[in-house]
1. By accessible area of protein heavy atoms, probe 1.4 Å, what ranking do Arg76, Arg247 get, highest first?
2. Output the relative contact order of the chain, whole-number percent, from Cα pairs under 8 angstrom with separation of 6+ residues.
3. Quick check on the stretch 143-220: take the gyration tensor over C-alpha atoms, sort the square-rooted eigenvalues as a ≥ b ≥ c, and tell me if it's rounded (a/c under 1.5), prolate or oblate.
4. Given H placed 1.01 Å from N in the peptide plane, which residues other than close sequence neighbours of Gly85 have an amide H under 5 Å from its amide H?
5. Out of all DSSP beta bridges with both ends in the stretch 119-239, state the antiparallel percent to the nearest 5.
6. Can you list the HN-Hα couplings for the stretch 118-126, worked out from phi with the Karplus curve (6.51, -1.76, 1.60; θ = phi - 60°), rounded to whole Hz and with x for Gly and Pro?
7. Roughly how many percent of the accessible protein surface of the stretch 1-115 is carbon and sulfur, given a 1.4 Å probe and a whole-percent answer?
8. Long-range amide H contacts for Asn42: which residues qualify at under 5 Å (H placed 1.01 Å from N, peptide plane, sequence gap of 5 or more or a different chain)?
Amino acid sequence: MLISMIVPCYQGNKYLEKIDRMASANAKMLPEDVSLELVIVNDSPWIELDKSKLSEEEYTLKIIINEKNSGIHKSRANGIKAAAGDYILMLDQDDIITDDCFASHLQTIGNTDVSVSNGYKRNDGIDIKIYKSKKQQLKITKLFWYLYLENRILSPGQCLIKQSAIPMEWCDTIMVENGADDMLLWVMMLGKKRTFIVNPSYSYIHVATGENVSNDDLKMADSTYEMLKIIKEKNYCSSFMQWILKRKIDNDVCYVKTAKDKYFDYKMIEVLRKKLARSR
């Protein structure tokens, strides 16, 4: 069995030693019949990656060079297309996984398509749990919560994904606005009845560096509007869920711009949510 660890890099030489350390440490903890492939996607092709910082002792290495700066979605898709692994984990260059991350996911995933771990959001050296309760984490399995609340998976770095379960249209429908491409992936997969399972381990840390698109609320809203357009065109969820998502984005944008909610009927939406839940 082979696991592919895909890391898009943008001006990423300063991260290579850390990436090498994480890949090597995880490879050492894998079962004897499992090996690790590190796939680095260089999204700043005018800068040559310094391979001397990558040991290649515990893992095999592939370096993919984008023809031009293409953004995170295209870089992830290029990495998936080049990867040979039975399972995929997509990690941002500035994020962190524990030494037993892959081993933990393998113990959890079983016959499901995606194992989603807990972890931390790190901002200015302060770590906050991604999921503060099991109830919160269990929402990863229901499409409704992604559209009603927000993306229930902070980052693909939390997830070990069966490669065969990744819809190829996600790799071919590249978003222009960075930020919501991973949520689009989960919406596609849940719409296609892919199975998600909770991994309770804290094996991932999302590091806020100021470079993360998710830190910019208005840019993220633009990306989510683009995602909504794709969802409508491809019909990945019902018109009711599309309506809820649009209202949520509109309300978020209004709040960012005015500090006031645009809508005051969330109680009504909650009633509709309960009605929908009972009908399933």
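1. Arg247, Arg76
2. Relative CO of the chain lands at 19 percent.
3. oblate
4. Ser4
5. Working: 4 of 8 bridges.
Percent antiparallel among DSSP bridges in the stretch 119-239 is about 50.
6. In residue order, the calculated couplings are 7, x, 9, 9, 10, 9, 6, x, 9 Hz.
7. Numbers: 2240 of 4960 Å².
Taking all protein chains in place, the stretch 1-115 shows 45 percent carbon and sulfur surface.
8. Cys9, Ile64, Ile65, Asn66
The values are calculated or read from the model by the stated rules, or taken from the named source; none is laboratory data. No experiment lies behind these values; they were computed from the predicted model shown. Because the Cβ atoms are built from the backbone with ideal geometry, glycine has one as well, and the counts that use them run over all protein chains shown. Ligands, DNA and RNA are excluded from the accessible area calculation, which covers all protein heavy atoms including side chains. Shrake-Rupley method; radii C 1.70, N 1.55, O 1.52, S 1.80 Å.
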